[in-house]
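The values are calculated or read from the model by the stated rules, or taken from the named source; none is laboratory data. Just so it is clear, the structure is predicted and the values come from calculations on it, not from any experiment. For neighbour counting, all protein chains shown are included, and Cβ atoms are generated from backbone atoms with ideal geometry for every residue, glycine included.
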Amino acid sequence: MTPLVVAENLSKHFPARRMFGRGRPVQAVSGVSLTVGRGEAVGLVGESGSGKSTIGRLMLGLLEPSAGRVVIDGTDLGATDADSLRRLRRRMQLVFQDPYSSLDPRRTVGAQIADGLAIHRIVPSGERRARVEALLARVGMTPAHADRYPHEFSGGQRQRVGIARALATGPEFLVADEPVSALDVSVQAQVLALLADLRRRLGLAMLFISHDLPVVRSICDRTVVLYLGRIMEEGPAGEVFERPRHPYTKALLSASPTLDPARRRRRILLPGDPPSPADPPSGCVFRTRCPWVAPVCAGAAPPLRELAAGHFVACVRADALGPVPDAPNGSVSQQ
Amino acid sequence: MLFVLKRIGVSVLLVWVVATIVFLAIRMVPGDPATILLSQGGVAPDPAAVAQLRIQLGLNQPLGMQYVADMHRLLVGDLGQSLQDQTPVAGEILRRLPRTLELIGAAAVLAVLLGLPAGLLAAIRRGGAFDRIASWLAAVALAVPIFVVGTLMVAIFAQGLHWAPAGGYVSFARHPLRHLELLAMPAATIAIGLAAILFRMTRAAVLDVSMRDYIRTARAKGVAPRRILARHVLRNALMPIVTVLALNLGSLLGGTVLVEYVFNWPGLSGLLVDAVNARDYPEVQGVVLVISVLFVALNLVVDLLYALLDPRVRHG
Amino acid sequence: MQRLRPGPVVAVGTIAFLALLVPLFGLDNPLHMDIAHRLAQPTLAHPLGQDAYGRDVLARLLWGARVSLAVASSSSALACLVGTALGLAGGFLRGPVEFLALRGMDVVLCFPPLLLALLVVTLLGPGAPTLIPLLAVLYLPGFVRVVYAGVLSVRTQDYVEAMRSLGAGRLRIMLGTILPNVGGPVLVQFSIAAASAVVLESGLSFLGLGVVPPAPSWGLMIGEARATMMQAPLLLLWPCLALSVTILALNALCDALRDAVDPHGITRRRRHGGLLDRLAPGLLPAPGAALELAGLTIAIDTPSGPIHPVRDVSLRVMPHETLALVGESGSGKSLTGLATMGLLPPIARVAGGAAWIEGRDVLRLDEAALRRLRGATVAMIFQDPLSSLNPVQRIATQIGEAVQAHARSPAKATWRRAVELLRHVGIPDPERRAHNFPHEMSGGMRQRAMIAMAIANQPRLLIADEPTTALDVTIQAQVLELLAALRRESGMALIFITHSLPVVAEIADRVAVMYAGEIVEQGRVAEVFARPLHPYTAALLASVPREDGSLAEAIPGTVPPPYALPPGCAFAPRCRFARADCSSGTLALTEVMAERLTRCRRWSDLA
């Protein structure tokens, strides 16, 4: 069975918008191929500038790729006309990071949830109210909430409204762009539980974008690790988490703080900042900060190789990584 | 450097656009421009005079030729001849321009001396008596149109109290004291409104900057309040103030027209009003062009000043 | 949108009302001349007297209002309609429409308004038919720019992308979502345009180039009255007054609309605590503590009485120690840190308690003494290093300022010290970086620079308010490492304010957990995390994303806001251990085991 969403060799370059002088174009995404199966949750992990949000927008056809294509259930998004694309939107939806800017401050949340119903004429206008109330109930809110304005709600409640709005059209594919990173920890868990529950009950395919590895692991089947717009590693969520093969994934995991003293790893401290996406290094883009860097890394960009079943790594040295070397890049600290 | 060159380039382009519009304006009016200019009170003008004017304005040549000739004349500084007395417009403008600039300069200095410190003080003592009184005064000053201020000044200080002459002009070289006496009221008239704008903007900008995180950082470092005000608040508050000043340059230049008229100050604007009344198009065209160029140049200065103040603009 | 102040609306409404209804007042014909009674004094028939042509001044004044307002409102309405359409189309469609709309406006703006008006009047002659389109063109750029800027800022909002992603068409997004959200600024712009149209119309009429005589117009009346200024000064006064009052009312309406559309917080002056509070000495501090907070309470005065976002916070930090202050948003952790520095925002004030640093209660120090303390003995770093650094100063200047604030230091030596500090916090190539402005550095580097600034005078206590929250994980690791190293080598105490429990586990020795303005639990990190003694701590720990892939447990409900705190234990409504008696009485933070404090009656049930 073919996956629901297939992205092939996606690239997205943004022209450098500078007031004066010419800048280099920003290569937000370079040659990313990705699939999301029906009912599957794929986690997209990366730090700022990794291109993860751009990929989310590309997969929904909200941005046009500079190269490559996105196919949803057999339909190539780039090859459809504007009207069909608009009709197709019913089947794919987006949940935003910022629960404050994602809702129109001047309209009631009920009206905003009803937008999707009206645009696609899903239910006659007389039944819309009932459907809105049912959607609110589904995300754990009450019918009376429909008549309130966004500013009357807390961040977590707003995020629930955003999810209800996305669910209104009955989508099969949901892109969740950092849906919990603006929320407090205790509320984060509420929203994650809601998303996990909806996915199970509605059989939603989901692209879950996050910078938080443990969150991704708890909600996703598969994990894709991005660095500077390229895929570094891809595999089953638990596998990538327990047995990371790419140096960047190893460093990322070791850098994320953990509660569990038993899991506290030897921390790999990456030196400096990620390079600018307008001027990425040649060869492997991670080599300037990689503790295991070798001369071979400056050559061609390493392709994704399948090291274990379904576990892909873009590192030429992935088979031969020993313990963290002290030179030439970075330092290691003992916790 | 690139920034400066680019900005100058834009200004030159704008001047060219202005010149083109002024050129086109008279030719876009329905009907024959010469006839329109010579029509007074609905009386049909003498056909011979119309023909004469058409030749003088070059209207009997093709439009493209007229345009090229016009732009060429402008490049060498020839603004044509007045319809009233056939004297070169450029000469008359050059004679009057310094007087207008003097008026604006004096007004700007007065306004800055009055508005900036008052705004700063009002912001520091926000909600206090000075703040309330000054804010109220500024609101009133902004509400009274400039020609009303001028007219009332003449009525009260010249006609009523005889403190100052009602208007007129004597060159500084001839009679320095009298010159300054005549300058005082028109300059003050322009300064009042400008000072009110500056006051409000300074107050708002200083209050806004005081709330910023980096002011908290400076306080967290233990920096003395006076230094925080001088090095952090004022420097950052100057940017919005300069912007507002730039936005108001247009109405300032326009305002001088009315003020020169009220006080009989023989600057550019007086020339303009007379020319408009006499429908002396070459003269109107010349003055509008010169003042617009002045306006564009002042905006350029403000933009460069802005870049000087804010490193983020420089790097674009 | 805030409520609109009624005063200006009533004033403008009254003027408009008078202008509209003037034909019903039975006044004299404003054009009727009566040369016999030129400049006549006021009579019953002519309450304001007669002008140089014997016309009734009151009638001319009121009819003049009609002319002024008609010209102003119709030209503004025209400009508003066209400008909004252009701005909307330019901002939303982009491309050539955008270019034409914006550049076209730049060209209009090349001319000072009155000048352009004079140029047009020369060609087309004076009169209302020239005036209205002319003024409309002059105010067009204002509308185009306001709408365009609004569209640009609104179109980047997620809710517009949400509409796109729902499949809404362009027209629906433009009219249904974007237009209502730029409506406020357009309204403000309309009032600005109307006010300046009144000014410009009267100015042109004054020069005899606006409204054509003998039609009544204020500007014309002032111009005419100038000739008879000596004989009849009142003739000058009335139109001047009418014009100024109208513009004053319109300006006030502009301000009121602007305030309503763009609300600024009401800020109050800072007040000090009550007399009794100032006299009562705090508990004596523990010897040697870098900071001892005792019963810190912070109040914010609101129209409905004071609220207390921080209540009874007591804690102690020893040299060499890192104390984490952990809590969710609204828990009062940042306010606690700011109060310790004497940096509370103007709306908040210390309502009780003491903060001992080096044997002095900093809450009772005057500003000058506080200033000597800040940046020297106690330093602070903040969450957002970009907004916390002055955008127009070089980085080394800002660091040097911290040095110079507390010691005399020549400029050159200060700069060298700043470079040295930059090197100390691990900034590569510090000599070059010293010349950078904040926007030229990365987020991680800016936070390092902030830290350099904070340690410039070897403080005994560093308060770090969410210093890594805005940073990426790998950069966060660098900064945590740096802070730990600095603390080790200098022996300073560190208060680390954060919302992240894993970060606490990485960096802190002891932890104080805050909920709804109170510390609910305090103790050594390892012990608290292994065996929490407050249900909130336990629930918070359970809500942290698990590393084993299982889903975290949520805490039901939301944090109560400080103006609606439940009685008794603030956490009781969300607590699964709560019983009826939890919602009454007051609870104190009690030491229930050695160095373990909790604010819970049921703590033994958890164990």
| field | Odd one out for C:Pro561, checked against (1) surrounded by fewer than 23 Cβ atoms within 10 Å (Cβ to Cβ); (2) part of a helix (DSSP H, G or I); (3) out of contact with any Pro (no Cβ under 6 Å at 6 or more places or on another chain) | value | (2)
| task | Provide a single number: the residues in the range C:240-278 that are more than 27 Å from the chain's Cα centre (by Cα), at pLDDT below 85 and surrounded by 14 or more Cβ atoms within 10 Å (Cβ to Cβ). | result | 1
| request: Could you tell me whether C:Ile519 is of a type in the set (A, V, I, L, M), part of a strand (DSSP E or B) and either without any contact (Cβ under 8 Å) to a residue 60 or more places away in the chain or more than 11 Å from chain A (Cβ to nearest Cβ) (or both)? | output: yes
| request: Exactly one condition in (1) more than 9 Å from chain C (Cβ to nearest Cβ); (2) in contact with a helix residue (DSSP H, G or I) (Cβ under 8 Å, 6 or more places away or on another chain) is not met by A:Asp279; state its number. | output: (2)
| field | Output for the range C:522-558, where each listed residue is surrounded by fewer than 16 Cβ atoms within 10 Å (Cβ to Cβ) and touching a residue at least 60 places away in the same chain (Cβ under 8 Å) | value | C:Arg524, C:Arg531
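Can we say A:Val109 is surrounded by 18 or more Cβ atoms within 10 Å (Cβ to Cβ), at pLDDT 90 or above, over 30 Å from A:Glu133 (Cβ atoms) and more than 9 Å from chain C (Cβ to nearest Cβ)?
Details: surrounded by 18 or more Cβ atoms within 10 Å (Cβ to Cβ): yes; at pLDDT 90 or above: yes; over 30 Å from A:Glu133 (Cβ atoms): no; more than 9 Å from chain C (Cβ to nearest Cβ): yes.
No; evaluated as a whole, the condition is false for this residue.
Can you tell which of B:Leu103, B:Leu110, B:Leu97, B:Leu114 is under 16 Å from B:Ala187 (Cα atoms) and crowded, with 21+ Cβ neighbours inside 10 Å? Full working, then the answer.
Values: B:Leu110 fails: crowded, with 21+ Cβ neighbours inside 10 Å; B:Leu97 fails: crowded, with 21+ Cβ neighbours inside 10 Å; B:Leu114 fails: crowded, with 21+ Cβ neighbours inside 10 Å.
The unique qualifying residue is B:Leu103.
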| request: Would you confirm whether any residue within the range B:185-201 is over 15 Å from the mean Cα position of the chain (by Cα) and surrounded by fewer than 21 Cβ atoms within 10 Å (Cβ to Cβ)? | output: no
| Residue within the range C:333-355 that is farther than 24 Å from C:Ser500 by Cα and of a type in the set (Lys, Arg) present | yes
| query | Restricting attention to the range A:123-152, and to residues there that are in contact (Cβ under 8 Å) with a residue 40 or more places away in the chain and within 30 Å of C:Val182 (Cα to Cα), which single residue is surrounded by the fewest Cβ atoms within 10 Å (Cβ to Cβ)? | reply | A:His151
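Out of A:Val45, A:Val6, A:Val32, I need the residue that is in contact with a helix residue (DSSP H, G or I) (Cβ under 9 Å, 6 or more places away or on another chain) and away from chain C (no Cβ under 12 Å). Which one? Talk me through it step by step, then tell me what you get.
On the way: A:Val45 fails: away from chain C (no Cβ under 12 Å); A:Val6 fails: in contact with a helix residue (DSSP H, G or I) (Cβ under 9 Å, 6 or more places away or on another chain).
None of the others qualify; the one that does is A:Val32.
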| message | Suppose the filter is of a type in the set (A, V, I, L, M, F, W, C), under 27 Å from A:Leu270 (Cβ atoms) and at the interface with chain B (Cβ under 8 Å from one of its Cβ atoms); does C:Leu421 pass it? | response | no
| field | Residue list for the range B:62-92, restricted to those being touching a residue at least 60 places away in the same chain (Cβ under 8 Å), hydrophobic (A, V, I, L, M, F, W, C) and part of a helix (DSSP H, G or I) | value | B:Leu74, B:Val89, B:Ala90
| Does C:Ser205 count as among the hydroxyl-bearing types (Ser, Thr, Tyr), within 30 Å of C:Thr84 (Cα to Cα), buried (at least 20 other Cβ atoms within 10 Å of the Cβ) and in contact with a Gly (Cβ under 8 Å, 6 or more places away or on another chain)? | yes
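Which residue out of C:Ala195, C:Ala168 is on the phi < 0 side of the Ramachandran plot, buried (at least 19 other Cβ atoms within 10 Å of the Cβ), among the aliphatic types (A, V, I, L, M) and touching a Lys or Arg at 6+ places or on another chain (Cβ under 9 Å)?
Working: C:Ala195 fails: touching a Lys or Arg at 6+ places or on another chain (Cβ under 9 Å).
Of C:Ala195, C:Ala168, the one residue that is on the phi < 0 side of the Ramachandran plot, buried (at least 19 other Cβ atoms within 10 Å of the Cβ), among the aliphatic types (A, V, I, L, M) and touching a Lys or Arg at 6+ places or on another chain (Cβ under 9 Å) is C:Ala168.
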| query | Which members of the range C:377-397 meet the condition of being facing chain B (nearest Cβ under 8 Å), touching a residue at least 40 places away in the same chain (Cβ under 8 Å), closer than 25 Å to C:Thr340 by Cα and not in a strand (DSSP E or B)? | reply | C:Phe382, C:Asp384, C:Ser388, C:Leu389, C:Asn390
| query | Do the conditions hold for C:Phe111, that is, is it within 27 Å of B:Val257 (Cβ to Cβ) and of a type outside the set (Ser, Thr, Tyr)? | reply | yes
| query | Filtering the range A:212-263 down to residues that are more than 10 Å from chain C (Cβ to nearest Cβ) and hydrophobic (A, V, I, L, M, F, W, C), which residue is farthest from the chain's Cα centre (by Cα)? | reply | A:Val240
| request: Scan the range C:552-607 for residues that are hydroxyl-bearing (Ser, Thr, Tyr) and in contact with a Ser or Thr (Cβ under 6 Å, 6 or more places away or on another chain) and jot them down. | output: C:Thr558
| query | Which of the following residues is assigned to a helix (DSSP H, G or I), at pLDDT 90 or above and more than 21 Å from C:Arg460 (Cα to Cα): C:Ala413, C:Ala402? | reply | C:Ala413
| query | Does at least one position in the range B:237-251 carry a residue that is within 11 Å of chain C (Cβ to nearest Cβ), of a type in the set (A, V, I, L, M), crowded, with 24+ Cβ neighbours inside 10 Å and over 29 Å from C:Gln404 (Cα atoms)? | reply | no
| Just a yes or no: is a residue in the range C:356-363 in a strand (DSSP E or B) and either in contact with a Ser or Thr (Cβ under 9 Å, 6 or more places away or on another chain) or of a type in the set (Phe, Trp, Tyr) (or both)? | yes
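Residues are listed down the side, and each one gets a yes or a no for (1) loosely packed, with under 14 Cβ neighbours inside 10 Å; (2) free of Cβ contacts under 8 Å to residues at least 12 places away in the same chain; (3) among the charged types (D, E, K, R):
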residue: A:Ser282; (1), (2), (3): yes, no, no
residue: A:Arg287; (1), (2), (3): no, yes, yes
residue: A:Cys297; (1), (2), (3): no, no, no
residue: A:Ala300; (1), (2), (3): yes, no, no
residue: A:Val313; (1), (2), (3): no, no, no
residue: A:Val316; (1), (2), (3): no, no, no
residue: A:Leu321; (1), (2), (3): no, no, no
| query | Of all the helices (runs of 4 or more DSSP H) wholly in the range C:104-215, which have at least 1 residues that are more than 9 Å from every other protein chain (Cβ to nearest Cβ) and under 24 Å from C:Leu61 (Cα atoms)? | reply | C:128-155, C:179-206
| query | Got at least one residue in the range C:341-359 being within 14 Å of chain B (Cβ to nearest Cβ) and in contact with an Asp or Glu (Cβ under 6 Å, 6 or more places away or on another chain)? | reply | no
| request: Examine the range C:309-324 for a residue that is under 21 Å from the mean Cα position of the chain (by Cα) and either in contact (Cβ under 8 Å) with a residue 60 or more places away in the chain or buried (at least 20 other Cβ atoms within 10 Å of the Cβ) (or both), and state whether such a residue exists. | output: yes
| query | What pairs can you find where one residue is in the range A:188-205 and on the phi > 0 side of the Ramachandran plot, the other is at pLDDT 90 or above, and their Cβ atoms are less than 6 Å apart, with a gap of 6+ or different chains? | reply | A:Gly203/A:Gly39
